[in-house]
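Worksheet for the structure shown next.
Computed from the coordinates by the stated procedures, all read-outs in this text should not be read as laboratory data. The structure presented is a predicted model; accordingly, all values stated were derived computationally and were not measured. We place every Cβ from the backbone using ideal geometry, glycine too, and count neighbours over all the protein chains shown.
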Amino acid sequence: MKRAIKCICLLSLCVLAFALAGCGASKDNELLERKTQAVEKDMMTFAVDLEKYRGLSDAQVKEYLNTIESYKRSNQITEDQAKVNEDIIKDWHEIEGDLGKFQDYGEFEFDSAGKTYTATLNLKYANRDAKLVYVISKKDFTVTGANIEMIYTLGEKMSKAGLNTVTGILIVFFMLVFMCVVIYAFNIIAYIQEKYNRKKEQTKIEITSLEGSDDSEEKEVDDKELIAVIAAAIAAATNQSTDDFVVRSIRRRS
């Protein structure tokens with residue numbers, strides 16, 4: 001009997017714990033729902049406010065960005081707020097000319113991933129739809145990033161992907177052609193260098209041969225002078241003319 005009472009008490013405690021957890025989860029869900037609705041309203045208001053910045057020149061956009069920087073330096077806004085405003089105005093300045101006039105709001109999506117929430121509000125314009133995206137921190141529910149971008153159709157996405165593919169193939173092809181040209185140029189350089197070395201070696205051989213012929217001629221001239229001196233000495237010793245005899249050879253003895 002006591003064991004049955006203990007089991008009933010334990011079961012009651014488990015049911016109470018689950019009920020409290022359910023209440024806590026229900027309250028958290030209600031809080032998140034209210035915050036989500038507040039984010040959606042804020043994004044709608046922001047989308048309308050963006051119309052005030054339509055048609056700005058590059059100089060005006062630069063002035064606006066400088067103003068944001070001055071607010072950040074004076075601590076009137078946080079660094080995250082400054083970055084969000086700068087990113088949004090840059091994106092808007094790039095695409096607002098292609099969107100046309102604002103017409104209506106589209107679907108709103110709120111997703112959770114990791115440590116952040118992602119809120120997406122579709123916007124309908126006269127020429128093309130766009131989407132406003134907020135990145136929200138789960139820690140304090142502040143916006144840490146934002147951007148606005150055009151929504152492309154499937155055909156446009158496929159066309160853009162095909163263009164990127166063709167561009168990548170062409171880049172690879174031209175790089176291969178360039179590498180082939182560089183490799184072929186190395187062969188030409190080696191051929192020119194070899195031809196230059198061969199010509200240099202031939203010139204060296206010709207110079208060496210020329211120097212050798214000069215030595216032979218010089219040696220031959222020296223021998224003729226020596227023969228003339230010996231012939232004159234013999235003629236003087238024998239009282240004969242140099243025409244009466246011929247010196248045929250000269251032998252040197254060490």
Taking a spot 7 Å from the Cα of Ala38 along the direction of its beta carbon, which residues of segment 125-157 have an amide N less than 20 Å from it? 133-146
Once you place label points 7 Å from the Cα toward the Cβ at Asn239 and Lys101, how far apart are they in nm? 14.8
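How many times 2.2 N^0.38 Å is the alpha carbon radius of gyration of segment 22-174? Intermediate results must be reported in sequence, preceding the final value.
Values: Rg = 18.7 Å, N = 153, 2.2 N^0.38 = 14.9 Å.
That works out to 1.25 for segment 22-174.
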Multiply the residue gap between Tyr71 and Ala161 by 0.36 nm, knock off their C-alpha separation, and tell me the result in nm, one decimal place. 28.4 nm
Report relative contact order for segment 65-186 in percent, whole number only (criteria: Cα-Cα under 8 Å, sequence separation at least 6). 19
